[in-house]
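Everything below concerns the one structure shown next.
The values are calculated or read from the model by the stated rules, or taken from the named source; none is laboratory data. Given the structure is predicted, the values throughout are model-derived calculations rather than measurements. Here the Cβ positions follow ideal geometry from the backbone for every residue, glycine too, while neighbour counts run over all protein chains shown.
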């Protein structure tokens, strides 16, 4: 691990004070919650160090270290290839099943890990919650960034598989960053919803595992969207697109493997619902935030 | 009149304490039914944690009630009160950790709070990494920490280990590093809760010195502590809180004596504990029924000579319940400074059982304590180390230790120390 700390490149800040000098008025919460962007911005260094802490701590004292970033999607891929590819013989839109499922598992693993970590983030950090004030949104949003390196590493293995199976990417790989943003937004939105619920209702903690499992089978991770369209028609396909991970996963496959034409419809619909999830999650979180210290 | 730094108006906060106990079912059918209904009842119970009806409910307490005060810029003000008097709640509201139920507070200036040292410390990270993490948690920017980093490390005295993971630190080192970060916050308004109760005596003095420095630099300090002498030393003014209300506001010395006079109903040789006003609220019926203080002759008294053993006779009403080797603790303080805790946990080797109308008697040989007023600051009963408290009373009663010609010189020892030295001189 490196010992010197590099700092985030930040624009020149004249003032040193984090809480802008000025009056702080403390009153009982009333009315609709709002998101205090200025304050979030003021605490960006904290956000940076929280993300850093997460990344640094993740693989300390493990034997395999960073290899875990590949291993999790890789092991799932082997499992799924056997069960869904060989035994159940699900369609994989004409590409080898391992490649088909790994391409989906890379974004999916990121999504699942972020949602899971965000859900428990307030509870695992409850000692901070009750002792010091800072924008609580930092907690569920930290994994959204801190899990990105793992995602990129897992993604880095994909070209190896593609070479092995002689599958070449389409020019649409340039769209991948958009899909990554969409994936992160969806994970953040759901993470904020579940985190806020989990503080008061610990059941959410236990249930989130199953929820994520259900969401995985609901997403086209082990099977292609074409299977769905074939059975239920085009309207069902568009409705299905409301689940943002559908557009993300199909988009990944279309861009990297060229299995289907770029599913712009799914991506468009998904982007709308991902934004809705993100904003509603942030507002719900802010709404519940007032109670965190009392019920945590 | 200088600028107002902290202005608090009619601040109140209500909490719901605990989750009400379930009624017990004694039939299989009843138990099955209540088990099936459990998710629904649990849901309502959890919801009630943060919802309040208008009426006064039994399990709702007002941790703070209509508290108003002003603190001028540059003032150091202490807040004293028993446990549960609302001190911590007040700080939590002022630090925005929890919102008030009603009322309003205005803080004018950059605020830093210290409710705990080392918040956010991660054992796997090095000292250096933790300084940055902890500093930003407390509200500093990375540039600010860069600037003060050397100073922080020097103050902490752990420079040699700054690149070692914190999990390899001793707890003392950890606390020193954490306080060093906090001490360099550079706020205009500083809110502090009892952080001085950590670290060794030398480091505590260093902390007090640093806080004094902060107070003398014209910063505004709000300081909550049990340690009355340090309140007197640090603060010019102090508030006394009792049961959520502000009952006194004035000079620190006056506040301390007001507090001492108020909390204890004069010296007492015994006290009825069944309806003690300082029992901490809980779901259970009171268990302790009385406490008596006996001298070496077995006579009930409230004054003891220096060195004289003191016997505490504690009666309990356990009803049907049988307690297997419970932890009973009697804590003694002098003006807010803990003297000792007499506890069955460490002092009793054999197992014992208490049931029905029980009695526990503890004889304490206090050594040569300086004459003055002492308090039984707490009696608690727990079923085991990690079990919940079955009963808990604070500021139970006061007794005094009176002078005695211990040296046979006819001269009386100094009173400004904790101990009358039990020793001899020799000359050659």
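Among the residues of the range B:101-118, is any within 10 Å of chain A (Cβ to nearest Cβ), surrounded by 16 or more Cβ atoms within 10 Å (Cβ to Cβ), out of contact with any strand residue (DSSP E or B) (no Cβ under 8 Å at 6 or more places or on another chain) and modelled with pLDDT of 80 or more?
no
Do the conditions hold for residue B:418, that is, is it in contact with a strand residue (DSSP E or B) (Cβ under 8 Å, 6 or more places away or on another chain) and under 15 Å from residue B:289 (Cα atoms)?
Here the answer is no, as residue B:418 does not meet what is asked.
Would you say residue B:314 is under 25 Å from the mean Cα position of the chain (by Cα) and on the phi < 0 side of the Ramachandran plot?
Here the answer is yes, as residue B:314 does meet what is asked.
If you go through the range A:9-18 one residue at a time, do you hit one that is surrounded by 11 or more Cβ atoms within 10 Å (Cβ to Cβ), part of a loop (DSSP other than H, G, I, E, B) and at pLDDT 85 or above?
Checked against the condition, which is being surrounded by 11 or more Cβ atoms within 10 Å (Cβ to Cβ), part of a loop (DSSP other than H, G, I, E, B) and at pLDDT 85 or above, the range A:9-18 yields no hits at all.
Suppose we filter A:57, A:63, A:25, A:87 for residues that are farther than 19 Å from residue A:137 by Cβ, free of Cβ contacts under 8 Å to residues at least 12 places away in the same chain, exposed (fewer than 12 other Cβ atoms within 10 Å of the Cβ) and at the interface with chain B (Cβ under 8 Å from one of its Cβ atoms); which single one remains?
A:25
Is it fair to say residue B:153 is surrounded by fewer than 24 Cβ atoms within 10 Å (Cβ to Cβ) and within 14 Å of chain A (Cβ to nearest Cβ)?
It is true that residue B:153 is surrounded by fewer than 24 Cβ atoms within 10 Å (Cβ to Cβ) and within 14 Å of chain A (Cβ to nearest Cβ).
Taking the options B:326, B:371, name whichever one is at pLDDT below 90 and either under 17 Å from the mean Cα position of the chain (by Cα) or surrounded by 15 or more Cβ atoms within 10 Å (Cβ to Cβ) (or both).
Just one listed residue meets the conditions, B:371.
For the condition more than 7 Å from chain A (Cβ to nearest Cβ) and touching a strand residue (DSSP E or B) at 6+ places or on another chain (Cβ under 8 Å), what is the one hit in B:161, B:69?
Going through B:161, B:69 in turn, the sole match is B:69.
Give the residue, chosen from B:212, B:216, B:261, that is loosely packed, with under 14 Cβ neighbours inside 10 Å and more than 21 Å from the chain's Cα centre (by Cα).
Just one listed residue meets the conditions, B:216.
Given the structure, is residue B:124 within 9 Å of chain A (Cβ to nearest Cβ) and either modelled with pLDDT of 90 or more or touching a helix residue (DSSP H, G or I) at 6+ places or on another chain (Cβ under 9 Å) (or both)?
Yes.
Considering (1) assigned by TED's automatic domain parsing to the domain that holds residue B:331; (2) over 23 Å from the mean Cα position of the chain (by Cα); (3) surrounded by 17 or more Cβ atoms within 10 Å (Cβ to Cβ), say which one residue B:413 fails and leave the rest.
Tallying (1) assigned by TED's automatic domain parsing to the domain that holds residue B:331; (2) over 23 Å from the mean Cα position of the chain (by Cα); (3) surrounded by 17 or more Cβ atoms within 10 Å (Cβ to Cβ), residue B:413 fails exactly one: (1).
Residue check: is residue B:166 in contact with a helix residue (DSSP H, G or I) (Cβ under 7 Å, 6 or more places away or on another chain), modelled with pLDDT under 90, surrounded by 21 or more Cβ atoms within 10 Å (Cβ to Cβ) and in the same structural domain as residue B:114 (by TED's automatic domain parsing)?
Yes; evaluated as a whole, the condition is true for this residue.
Would the range B:317-326 turn up any residue that is closer than 30 Å to residue B:259 by Cβ and assigned to a strand (DSSP E or B)?
For the range B:317-326, residues closer than 30 Å to residue B:259 by Cβ and assigned to a strand (DSSP E or B): absent.
Go through the range B:224-252 and give me each residue that's over 21 Å from residue B:209 (Cβ atoms) and touching a helix residue (DSSP H, G or I) at 6+ places or on another chain (Cβ under 6 Å).
If the condition is that a residue be over 21 Å from residue B:209 (Cβ atoms) and touching a helix residue (DSSP H, G or I) at 6+ places or on another chain (Cβ under 6 Å), then B:240, B:241, B:248 are the ones that fit.
Counting only residues that are more than 30 Å from residue B:320 (Cα to Cα), give me the strands (runs of 3 or more DSSP E) lying completely in the range B:201-301 with at least 2 of them.
The strands (runs of 3 or more DSSP E) meeting that bar are B:220-224, B:237-242, B:245-251.
(1) within 23 Å of residue A:286 (Cβ to Cβ); (2) in contact with a helix residue (DSSP H, G or I) (Cβ under 8 Å, 6 or more places away or on another chain); (3) surrounded by 18 or more Cβ atoms within 10 Å (Cβ to Cβ): which one isn't true of residue A:92, the others all being true?
(1)
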